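Here is the structure we will look at.
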Amino acid sequence: MGHRFLQLLIITIALTACSDEKNSPAATGNNSDSATEVAQVAQVDAARLLAAESDTANWMTHGRTYAEQRYSPLKQLDPGTVADLGLAWSFDLETQRGIEATSLVVDGVMYTTSAWSIVHALDARSGKLMWTYDPQVARDKQRHLCCGPVNRGVAVWQGQIFVGTIDGRLEALDAATGKLNWSVATVDPELPFSITGAPRVINGLVLIGNGGAEFGVRGFIAAYDVATGDRKWQFHTVPGNPTDGFENDAMKMAADTWKGEWWEIGGGGTVWDSMAYDPELDLLYIGVGNGTPWNREIRSPGGGDNLFLSSIVALRPGTGEYVWHYQTTPGETWDYTATQHIILADMEIKGSTRKVLMQAPKNGFFYVIDRTDGSLISANNYIDLTWATHVDMETGRPVEVEGARYTDQPFMIVPSYLGGHNWHPMSYNPNTGLVYIPVLDFPAMYGQPENFRYRPGGANTGADGIVGSLPDAQAERDALRALMKGRLLAWNPVTNTEAWHVEHAGPWNGGTLTTAGNLVFQGIADGKLVAFRADTGEQLWDFATQTGVVAAPVTYELDGEQYLTINAGWGGAYALVFGEYVRSESLPNISRVLTFKLGGRESLPAVDWQPTVTFNPPEQFADADAIRRGFAEYQDTCMGCHGLNAVSGLLIPDLRGSAFIHDANAWKSVVIDGSLAARGMAAMSEFINEQQAEEIRAYVIEQAIRGQRLQKQ
């Protein structure tokens, strides 16, 4: 059937998933027994957060301290004792989608989230449930999500728990009961915004950004009063329509770096994850995402750097005032966000102590930046790249390879749009002087689309990729699977070179934690939590988690014992899109909190599960041209949830085995009419018509026929 352009991209308009997840009441649990205790232990204020570095007992903010180092001074666990680390308790979460949260632990209580922004308070000693809060997000909101209904955690301040919900609310909960204190819509609910990141609190202001850049929104971060939810300031990351005037001088400056009428489709630049804070300089650092669409040729015809896309921006946290920025990828065109984890540290470089900011964004370069003024100290690639050769230290700009912008012909790019490092947190150990990075390493083909069609409310990447002929390009897909790599990388930020690395079986491994006990902990995609020596990378211990782990662990101390905890549950962008390449060891999704201590002797129940799809396809009713059109439309509309080449990562039902492909009317009732919207499968009628839906069905049938044939071989 030949080669053709198609979107090999993370697209998330939702031909999403039937799910059997439970909707619990808004707040449930054993509230009365624990209310007094929780009210006492949730008293986190500015003084406690400023002193968090020396507080070994707790993990009170997302990165443990405002510097976001994810380093703990605890050292009861060390290379000599870690072999006796065992499971102390586990808590089953009621969702079956990706679990990405960093748990907070404050005075014996753990606060964590599962999919769908559901919040849990647990006894950190025993795992006993204190309360659960479910914000009741409409399941068809998935049509506006790039990577599933994930959430990365909460913030705590003076007896309140703050959570951002998938549908764009910021909510404050009573820490004692889980009851809702206040809720504000941080975005226009009619627009395709989302929130997956964890809030931060600085001096009585709770800060939150948002996601949705591919869907045509204009990104921003905002600050809200912790007591009332009143918005105190808002900083946009891309300029609006110049004829409407600019909110501040920063937006006026940024507008000079754009061309065309970018504001008609939002611009993008969402602040969906990373933040860090330096209280001495009183600077908040945020990471900014990609544009709408990814492709600058379409987004800003005529070029331009397109500030503040793919930038680190320093703001005054009390006012939102712009101070400085550093752009990692000027004129971003590959989905190379700078939303990845930001770490602050003071370190000696060339004989001088420097206040530095470190980031390993998607583009594959590791940056060390002077956080006082944004000047570049060093930059070096942490994986092998094909899109740029190096960063020019005079200009701070990457030196691009000719053709990498794929305007004339397709170009194979490393790293892919998932980046060399994605959202999974890295960590920094001041004793070893090393940063521990969960690295992704695989390519993607980018190409200029023949006919770009902007779809309001839909994913608009503006970049096409190439895959092999359909339906039998198995050899090419096997070759691609072999290219998909992942590793734990220890990086020296002073020399900006690798210290050591450990290869993993595949990509999409979890975030890292490092400790004064000379340890690094990481959950990995093939269903393990692993401890490594921080100085050498030697593996010392592992525990079978029964599911791929993507979240980052934390550690805390109670009654003289050091605990280690991690949220397990396979999911996220790679799991959804690249179902054909996901290793069976990653599956199934079993969403749990797993907590360990020395001498722990608990065990997990056995799992009897095989990653199979039952193929029973109907006869093909369409001709080759209709299947070809269905293939292209599937990639635009369905791939982000149901997987590349219609092969699901099995977080959601695999369409190739669906009963709905047997009947045109049943298929239409779901895809066009939205009969399963309450279960997450939104109606697609705003993007495709009935004929296109039927052609998608023909393509899925063809993939089911192919799958059945391969299964018999």
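Annotation note: of Trp491, Trp508, the sole residue that is among the aromatic types (Phe, Trp, Tyr), part of a loop (DSSP other than H, G, I, E, B) and out of contact with any Ser or Thr (no Cβ under 6 Å at 6 or more places or on another chain) is Trp508. I'd like to check something: does segment 592-602 contain any residue that is under 29 Å from Phe215 (Cα atoms) and crowded, with 17+ Cβ neighbours inside 10 Å? No, segment 592-602 contains no residue that is under 29 Å from Phe215 (Cα atoms) and crowded, with 17+ Cβ neighbours inside 10 Å. Among the residues of segment 142-162, some residue qualifies, meaning at least one is surrounded by fewer than 24 Cβ atoms within 10 Å (Cβ to Cβ), farther than 30 Å from Ala682 by Cα, touching a residue at least 24 places away in the same chain (Cβ under 8 Å) and of a type in the set (S, T, N, Q). Checking every residue in segment 319-340 against the condition of being in the same structural domain as Gly403 (by TED's automatic domain parsing), hydrophobic (A, V, I, L, M, F, W, C), more than 20 Å from Ala459 (Cα to Cα) and touching a residue at least 60 places away in the same chain (Cβ under 8 Å) gives zero matches. Among the residues examined, Val607 does not qualify as among the β-branched types (Val, Ile, Thr), in contact with a strand residue (DSSP E or B) (Cβ under 6 Å, 6 or more places away or on another chain) and either at pLDDT 90 or above or part of a loop (DSSP other than H, G, I, E, B) (or both). Of all residues in segment 675-693, those that are within 17 Å of Leu651 (Cα to Cα) and in contact (Cβ under 8 Å) with a residue 40 or more places away in the chain have Cβ atoms under 6 Å from Cβ atoms of residues that are polar (S, T, N, Q) and surrounded by fewer than 23 Cβ atoms within 10 Å (Cβ to Cβ), 6 or more apart or on another chain, in Arg679/Ser19; Gly680/Ser19. Looking only at segment 233-246, filter to residues that are in contact (Cβ under 8 Å) with a residue 12 or more places away in the chain and more than 27 Å from the chain's Cα centre (by Cα); which one of those is nearest to Ala175 (Cα to Cα)? My answer is Asn241. Scan segment 103-112 and give yes if some residue there is of a type outside the set (Gly, Ala, Ser) and within 21 Å of Ala185 (Cα to Cα), otherwise no. No, that holds for no residue. What do you reckon, is Thr95 in a loop (DSSP other than H, G, I, E, B), closer than 25 Å to Arg533 by Cβ and either outside the structural domain of Val156 (by TED's automatic domain parsing) or touching a residue at least 12 places away in the same chain (Cβ under 8 Å) (or both)? So Thr95 fails the test. Condition check for Ala552 on (1) more than 30 Å from Gly433 (Cβ to Cβ); (2) within 22 Å of the chain's Cα centre (by Cα): one failure, at (1). A residue that is surrounded by fewer than 23 Cβ atoms within 10 Å (Cβ to Cβ), in a strand (DSSP E or B) and at pLDDT 95 or above occurs nowhere in segment 59-73. For segment 196-232, filtering for residues that are of a type in the set (Val, Ile, Thr), touching a residue at least 60 places away in the same chain (Cβ under 8 Å) and not in a strand (DSSP E or B) leaves 3. I'm trying to understand the selection: among the residues of segment 616-647, which are buried (at least 18 other Cβ atoms within 10 Å of the Cβ) and in a loop (DSSP other than H, G, I, E, B)? Passing the criteria: Pro617, Cys638, Gly643, Val647. Set side by side, the residues Glu280, Glu264 differ, and just one is over 21 Å from Gly374 (Cα atoms) and either in the same structural domain as Gly197 (by TED's automatic domain parsing) or part of a helix (DSSP H, G or I) (or both), which is Glu264. Does any residue of segment 660-670 turn out to be at positive phi and surrounded by fewer than 21 Cβ atoms within 10 Å (Cβ to Cβ)? No, there is no match, as no residue in segment 660-670 is at positive phi and surrounded by fewer than 21 Cβ atoms within 10 Å (Cβ to Cβ).
For Ile696, the test of being in contact with a helix residue (DSSP H, G or I) (Cβ under 9 Å, 6 or more places away or on another chain) and assigned to a loop (DSSP other than H, G, I, E, B) is failed. Considering segment 298-308, the residues that are surrounded by fewer than 24 Cβ atoms within 10 Å (Cβ to Cβ) and in contact with a Lys or Arg (Cβ under 7 Å, 6 or more places away or on another chain) include one that is nearest to Ala360 (Cα to Cα), namely Gly304. Across segment 432-488, which residue is modelled with the lowest pLDDT among those that are of a type in the set (Ser, Thr, Tyr) and part of a strand (DSSP E or B)? Across segment 432-488, the extreme among qualifying residues is Tyr446. Sub-7 Å Cβ pairs linking a first residue in segment 178-194 that is on the phi < 0 side of the Ramachandran plot and in the same structural domain as Ala42 (by TED's automatic domain parsing) to a second residue that is surrounded by fewer than 20 Cβ atoms within 10 Å (Cβ to Cβ) and outside any loop (DSSP other than H, G, I, E, B), at least 6 apart or interchain, are Lys179/Ala27, ordered by first then second residue.
The values are calculated or read from the model by the stated rules, or taken from the named source; none is laboratory data. Only a predicted model underlies this, so the values are computations on that prediction, with no experimental measurement involved. Ideal geometry is used to build each Cβ from the backbone, glycine not excepted, and the neighbour counts take in all protein chains shown.
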